[in-house]
Amino acid sequence: MKRRDALAAMGAFAVAGSQQVQAQQPITIKFSHVVANDTPKGKGALKFKELAEKYTNGKVKVEVYPNSTLYKDKEEMDALNSGSVQILAPSTAKFRPIGVPEFEVMDLPYIFNGQEGYEKIVDGPIGKSLFKKLETKGITGLAYWDNGFHMVSANKPLLMPADFQGLKIRISGSKIADLYFRALGALPQIMAFSEVYQALQTGVVDGCENTPSNYYTQKFFEVQKHITNSQHAHLQYALIANGKFWNGLPGPIRQQMDKAAKEATDYSNSIARQENVDALKAIKDSGKTTVHTLTPDQVKAWKAAFKPVYKEAEDRVGKKIVDDLLKSAGISV
Ligand code: LMR
């Protein structure tokens with residue numbers, strides 16, 4: 001072999017070798033979220049990692065970053081857009097900054113008739129239409145993850161609408177939550193989840209709303225003397241991926257990832273209820289706060305105060321989606 005041919009052969013060998021190395025490099029997925037590992041979403045993310053790595057035989061590696069360790073609320077959406085992370089599961093209250101405020105319709109107070117009512121909406125045409133809107137933003141909606149109904153808290157009992165008068169209440173971003181707390185006479189303030197504990201502790205805000213699993217794992221119950229298990233609104237997440245990344249996955253890997261996402265969803269949704277029951281019990285057992293349940297008359301008074309919110313919501317998220325949801329939920333205003 002002439003020297004030139006020999007060099008060419010060596011070069012070809014080197015290219016083939018590097019392609020082989022590249023083929024063996026796992027595809028790395030960053031999955032960022034803001035809650036603790038020990039919550040329905042935290043456990044769902046870890047299950048997704050386990051299944052994705054198993055089904056792809058290690059061709060995909062998932063790095064889970066819980067508790068805002070990589071990005072906080074707003075930053076994580078920017079990071080998904082730019083491709084710095086590939087998967088998130090933000091609450092549906094946090095989609096306004098990326099231009100799909102319609103998700104907030106699911107924050108309407110007392111809108112879901114229990115668990116069944118919630119599932120009917122996310123699994124039905126409304127859940128699907130919201131994911132369609134996401135596609136136009138370059139984001140793929142994979143599934144909805146459940147985290148149950150909200151409680152609300154302060155350092156005084158919150159039993160009647162008048163109890164909220166003038167209280168500063170942290171909200172996560174939804175303009176619908178803004179409306180319903182204003183309807184109770186409170187002053188809602190948007191704040192990143194990672195900042196809530198300190199804000200409650202130092203009195204920057206007087207109160208907040210969240211589900212038992214978040215109250216427990218973030219220790220909000222230690223800095224709030226009274227919690228009302230009002231179940232006035234529901235917390236759900238959208239498991240979402242950077243569309244270019246997800247749709248660009250090689251065929252077989254994409255199928256394995258779809259399977260991992262589906263099974264992680266079933267798992268997370270199946271544990272959500274019990275996780276919240278256990279967290280509520282742990283909060284009560286701690287003796288650090290008092291948990292109140294509303295009487296039917298108190299619920300009636302809250303619902304009366306919320307009445308104008310359904311109409312006002314039209315300006316915030318659009319008349320059609322509000323009408324559709326009210327119709328599906330069987331609520332007339
Ligand atoms: C919040 O910010 O209150 C929640 O959405 C956090 C979460 O992801 O559960």
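Regarding the range 173-307, what is the average projected area of its C-alpha convex hull, in nm²? Don't jump to the answer; show the numbers that get you there.
Values: hull surface 42.3 nm².
Approximately 10.6 nm², given one-decimal rounding.
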Within the range 210-236, name every residue whose backbone N is under 17 Å away from a label modeled 7 Å from Cα of residue 69 along the Cβ vector.
217-218
Need one number: nm distance between label points at residue 187 and residue 270, each 7 Å from Cα along Cα→Cβ, rounded to one decimal.
4.8 nm
Percent carbon-and-sulfur accessible area, the range 56-110, ignoring ligands, DNA and RNA, probe 1.4 Å:
48 percent
Under 5 Å between amide H atoms, partner at least 5 residues away or on a different chain: which partners does residue 27 have, H built in plane at 1.01 Å?
60, 61
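So if I place +1 on the C-beta of Lys and Arg and -1 on the C-beta of Asp and Glu, and nothing else carries charge, what would the dipole magnitude of the range 57-139 be about its Cα centre? I want it in debye, nearest 20.
That gives the range 57-139 a dipole magnitude of about 260 debye.
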Between 0 and 90°, nearest 10: helix 73-82 axis offset from the chain longest Cα axis:
30 degrees
Identify all aspartates and glutamates with a Cα-Cα distance to residue 59 below 13 Å; exclude those on the same chain that are fewer than 8 residues away in sequence.
50
Hey, can you grab everything whose amide H is under 5 Å from the amide H of residue 148? Only 5+ residues off in sequence or another chain; H modelled, so Pro and N-termini drop out.
235
May I ask you to list the aspartates and glutamates whose Cα is less than 12 Å away from that of residue 133, ignoring any residue fewer than eight positions away on the same chain?
102
Considering only protein heavy atoms, what per residue accessible area in square angstrom results for the range 127-247 with a 1.4 angstrom probe?
35 Å²
Given the options 313, 271, 294, identify the residue whose Cα lies farthest towards the positive end of the charge dipole of the range 270-333 (+1 on Cβ of Lys, Arg; -1 on Cβ of Asp, Glu).
294
Taking all protein chains as present, what is the carbon and sulfur share of the accessible area of the range 204-329, in % to the nearest whole number, probe 1.4 Å?
52 percent
I'd like the distance separating the alpha-carbon centroids of the range 88-124 and the range 259-333, in whole Å.
10 Å
Once the dipole of the chain is set up with Lys and Arg at +1 and Asp and Glu at -1 on Cβ about the Cα centre, which of 198, 180, 283 lies farthest towards its positive end?
198
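Of 137/175; 41/156; 168/319; 30/244; 41/281, which pairs sit farther than 23 Å apart, going by alpha carbon to alpha carbon? Please list the in-between numbers first.
On the way: 137/175 20 Å; 41/156 30 Å; 168/319 29 Å; 30/244 15 Å; 41/281 19 Å.
From the list (137/175; 41/156; 168/319; 30/244; 41/281), the Cα-Cα distance tops 23 Å for 41/156; 168/319.
The values are calculated or read from the model by the stated rules, or taken from the named source; none is laboratory data. Values in this document were obtained by computation on a predicted structure and should not be read as measured data. Note: ideal-geometry Cβ built from the backbone for every residue, glycine included; neighbour counts use all protein chains shown. Side chains included, ligands, DNA and RNA excluded: accessible areas come from the protein's heavy atoms. Shrake-Rupley method; radii C 1.70, N 1.55, O 1.52, S 1.80 Å.
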